[in-house]
Structures are given as structure tokens and as C-alpha cells.
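The values are calculated or read from the model by the stated rules, or taken from the named source; none is laboratory data. For clarity, every value in this text was computed on a predicted model and none was experimentally measured. Cβ placement follows ideal geometry from the backbone for every residue including glycine, while neighbour counts extend to all protein chains displayed.
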Amino acid sequence: MNPRQGDIISGDPWLSVSEKAGVVWNEIGEFDLVIQLNGINRFNTTLYSGPSGNIYLPYQQGLYVAPSGAIQTWDSTTAQVIQVTGYTVSGSTVSIPNSYLSGTPYVVEFQAAMTYVCFRNPGGLAHTRPFVQGGICYPKRFRLQALDLFLRDSGISNFGNPGQISV
């Protein structure tokens with residue numbers, strides 16, 4: 001627990017996939033995305049207004065943006081953070097009114113299901129089950145990392161908004 005920021009995502013969750021899990025799970029590999037559908041978390045990300053700006057939120061599963069009070073921007077005349085009113089949300093697209101200059105950064109707070117990246121196979125053999133009926137099942141195992149942390153660590157994005165990740 002960080003005293004200034006609250007809960008911090010840390011540690012490496014794991015994903016084990018049995019060979020009997022089915023066709024879709026058998027095809028899972030490194031750099032695939034896994035969505036924890038019931039794991040709703042609060043996020044915030046910076047978007048930019050205008051035709052060349054990123055206006056898409058990185059997560060779409062379980063996405064919720066509050067109808068008011070969820071977007072702030074910086075007012076350079078008063079040197080304060082202000083609430084944006086009159087914004088629109090359509091799917092994962094968030095737009096602020098045209099009265100803001102093109103390229104204006106704005107922060108959107110939203111809720112969405114956690115998305116993980118299978119970023120590394122663990123070393124060694126997967127755990128074994130000595131009393132398995134039939135053959136020995138060695139599951140695939142992956143370390144997982146939260147998508148936003150993975151993209152920041154990779155230098156791809158400052159929060160995982162590379163122009164809308166469709167999942």
C-alpha cells in the first residue's frame with residue numbers, strides 16, 4: 001500500500017492451462033492477452049483532444065465511465081486542474097467539447113476488467129500431478145503482468161493507449 005497512491009499492483013500472477021482445457025486455451029502463447037472478466041478495477045489514463053489525439057480507452061471489457069466528474073484537464077490561465085463538463089462517451093471513445101484546443105490533454109477515470117499479458121514462460125517444469133488418471137498432464141504456465149504495466153515497461157506507451165487495443 002502506497003500512502004499517496006493507494007493500492008499498487010505488484011507481484012507476478014500466474015496462469016496454468018491444462019492440456020485438457022480445450023482448443024482455444026491450447027493455442028495460448030506468449031504475449032497473448034487474458035481478461036479477468038469479474039476483476040473490475042479503477043484506472044485513469046491521459047487522452048488528447050483533436051483528430052490526431054488518442055481518444056480511446058485501452059480497456060473495453062466491463063468499461064464504465066461516470067456520466068459526470070470523471071474527466072479533468074489543466075487550465076493554464078488559472079493554473080488549476082478543472083472538471084470537464086459536456087464530454088461524451090461512446091463505447092471506448094471519450095471526447096471533450098470542441099471548445100478545448102486540439103491536442104489538449106485530459107485525464108479520464110474509468111472502471112474496467114483487468115487485462116493481463118502472458119509475458120514470460122516460467123523456468124523449469126510445470127508442477128506435476130502424480131495421481132493423474134491416464135497420462136501425465138503438464139500444463140502450460142505463464143507469468144502474467146497487467147497490460148498497462150507491461151506497455152510502460154516495454155516503452156510502448158505511457159499507459160497502454162496505443163490507439164485502441166481491441167479485445
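General observations
- Test result for THR93, within 18 Å of the chain's Cα centre (by Cα) and of a type in the set (S, T, N, Q): yes
- Candidates ALA112, ALA66: the one that is aliphatic (A, V, I, L, M), in contact (Cβ under 8 Å) with a residue 24 or more places away in the chain, assigned to a loop (DSSP other than H, G, I, E, B) and surrounded by 10 or more Cβ atoms within 10 Å (Cβ to Cβ) is ALA66.
- Taken as a whole, the range 6-13 holds no residue that is part of a strand (DSSP E or B), surrounded by 11 or more Cβ atoms within 10 Å (Cβ to Cβ) and modelled with pLDDT under 85.
- The conditions of being closer than 16 Å to LEU147 by Cβ and in a loop (DSSP other than H, G, I, E, B) are not met by GLN36.
- Among the residues making up the range 29-70, those that are small (Gly, Ala, Ser) and either under 15 Å from the mean Cα position of the chain (by Cα) or farther than 27 Å from SER99 by Cα (or both) are GLY29, GLY39, GLY62.
- Among (1) in contact with a helix residue (DSSP H, G or I) (Cβ under 9 Å, 6 or more places away or on another chain); (2) small (Gly, Ala, Ser); (3) under 25 Å from LEU149 (Cα atoms) - the single one SER18 does not satisfy: (3)
- So PHE43, is it within 22 Å of PHE119 (Cβ to Cβ) and surrounded by 14 or more Cβ atoms within 10 Å (Cβ to Cβ): yes
- Residue within the range 102-111 that is of a type in the set (S, T, N, Q), within 30 Å of VAL17 (Cα to Cα), at pLDDT 85 or above and under 23 Å from the mean Cα position of the chain (by Cα) present: yes
- When THR73 is tested against (1) in a loop (DSSP other than H, G, I, E, B); (2) over 19 Å from the mean Cα position of the chain (by Cα); (3) of a type in the set (Val, Ile, Thr), just one condition goes unmet, and that condition is (1).
- Enumeration of residues in the range 89-107 that are part of a strand (DSSP E or B) and touching a Ser or Thr at 6+ places or on another chain (Cβ under 6 Å): SER95, PRO105, TYR106, VAL107
- Within the range 69-88, considering residues that are out of contact with any Ser or Thr (no Cβ under 8 Å at 6 or more places or on another chain) and hydrophobic (A, V, I, L, M, F, W, C), the one surrounded by the most Cβ atoms within 10 Å (Cβ to Cβ): ILE71
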